[in-house]
1. Going by how many other beta carbons lie within 10 Å of each one, how would you line up THR87, THR149, fewest first?
2. Compute the projected area of the convex hull of the Cα atoms of the stretch 189-305, averaged over all viewing directions, and report it in nm² to one decimal place.
3. Convert each backbone phi in the stretch 97-103 into a coupling constant with the Karplus relation 6.51 cos²θ - 1.76 cosθ + 1.60 (shift: θ = phi - 60°), then list the ³J(HN,Hα) values in order as whole Hz, x for Gly and Pro.
4. List the chymotrypsin sites (Phe, Trp or Tyr not before Pro) within the stretch 267-342 that fall in a DSSP loop (any state other than H, G, I, E or B) and whose Cβ has at most 12 other Cβ atoms within 10 Å.
5. Given a 10 angstrom Cα cut-off, can you work out which residue in VAL55, VAL298, VAL120 is the most mobile in a GNM of the chain?
6. Rounded to the nearest 500, what is the chain's calculated 222 nm mean residue ellipticity when only DSSP H runs of at least 4 contribute -39500 (n - 2.57) each, over all residues?
7. Residue farthest toward the positive end of the dipole of the chain, with Cβ of Lys/Arg at +1 and Asp/Glu at -1: which of ILE347, GLY41, ASN330?
8. Can you tell me which of PRO132, PRO157, PRO341 moves the most in a GNM of the chain? Springs connect C-alpha atoms under 10 Å apart.
Amino acid sequence: MKRIFLLVSAVIISATSVSAQVQFGMQVSGISSSVKVKEDGESYPGRKNLLGARVGLIAKVDMSKQFSFMPELNFVLKGTKFEESETEEDMGYTYTYEMDARFNTTFAEVPLNFCYSSAVGKKGAVVLGLGPVVSIGLGGKYNVDYTFTTNFPGVDPESESIEGKVQFDGKTWDDVSDEDEDFHLKRIELGGNLFAGYQMNSGLFFRAGYNFGLSNLSPNAHQKLLYEKILLSVAVLMSAYIISEAQVSFGAKAGLNLYKFGGTDGSDLDFQKSKFSFHAGGFVNIPISSMFSVQPEVLYSGQGTKQEEDGDQMLWNLDYINVPLMLRYNNPVGFYAETGPEAGFLISAKVKVKAEGTDATEDIKDQMKGFNFSWGTGVGYITKSGFGIGARYNIGLVSIVDNSDVDVKNSGVQVSFIYRFSAPVLNRKK
């Protein structure tokens, strides 16, 4: 894995260090996906495609007149379904068994595509691309419906439903109990990507693609699971600028957090109230057009929630190092709007209880997941002098508790006081 990271880093550095023309944008995709399942070499029957979606950020870095490097960062909803029906006849009576299973999963996906472009007329170019895809499983759910019907007199139809969570923890059948109803998969998926599309001079980019799994997601020795999906995407790429001519600005921000638990189980906590804390860190603002920029950040963020009743209090103190990557629209007057993904890395987790004269603290870091994934949306205002204020809502997309039976997500509002050391200035490529 370390060698792969170094190789990818070298490619990115070499592609962006030669005054390359860079375009940034956002994309939305419709997905039709399924999972090929084999057990002991035999394919599982009844596989059907399931519709899903993909949203994310995309960049296009020109390496020459016709070749470019196109990395992406996407949040993906994909799944599969299986349908089976079997009818038996005996002495003139029929017995029908039906099964309908659906699996819905979420992934963070990083395709690294290499593209070839060929101009078509004066309005755009055909773009062909391929490359590897690295995906990280975040969570999911499944449900299976069984039905039995017969025309045998006196026998009523029967039905049963089973549902559970899809856990990306790598546990095998031998690692879990017979009572465990969750579906367990490996967290990392390696795959490939092929696509063909058309990019207009205005920045609109339409493409169709095929994404296929190369690594087995099943942790079990006699089972093989491979995702495959067809994608139809629409992206908006900002007008090209020379990255070396863009004035990159740096800044610092700090402010208040107001977080609470959500999710199936987190929302059911008794006497829950939002918990105040703070965040602080720095950012880099990289202009990509006269009105758009990309802003990666590194922040300390205090999160969690609070339960309080009649003076008794339980504080869930969760400390993260968060790395947001925001796409920002900048109004010339100073107002801005932003959206983008946020990766969180847990550094501390403690529960503090104050009740009836007791004051106790318990470390619960070993009960929490070390990684969190959120999506942020916000607005703000920055003056010409560099001072500003912003508000952002981060919605938790994955459970933060390391327990397959518990679904707790952490979402909240951040109000930030901002200082940007220099205002970004862009010069168009001549």
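1. On the way: THR87 11, THR149 16.
Ordered by Cβ neighbours within 10 Å, fewest first: THR87, THR149.
2. On the way: hull surface 51.7 nm².
It is 12.9 nm².
3. Once rounded to whole Hz, the list reads 10, 10, 9, 10, 10, 10, 10.
4. Details: sites: PHE271, PHE276, PHE278, PHE283, PHE292, TYR300, TRP316, TYR320, TYR329, PHE335, TYR336; in loops: PHE271.
Taking the stretch 267-342 and a limit of 12 other Cβ atoms within 10 Å, the loop chymotrypsin sites (Phe, Trp or Tyr not before Pro) found are PHE271.
5. Top of the fluctuation ranking is VAL120.
6. Details: 2 runs with 19 residues, N = 430.
Here the helix-only value at 222 nm equals -1500 deg cm²/dmol.
7. ASN330
8. Maximum fluctuation in the GNM of the chain, among the listed residues, is at PRO157.
Rule-based calculations on the coordinates, nothing more; no lab input. Being a predicted model, the structure only gives us computed values, none of them experimental. Heads up, the Cβs are rebuilt from the backbone with ideal geometry, glycines too, and the neighbour counts pull from every protein chain shown.
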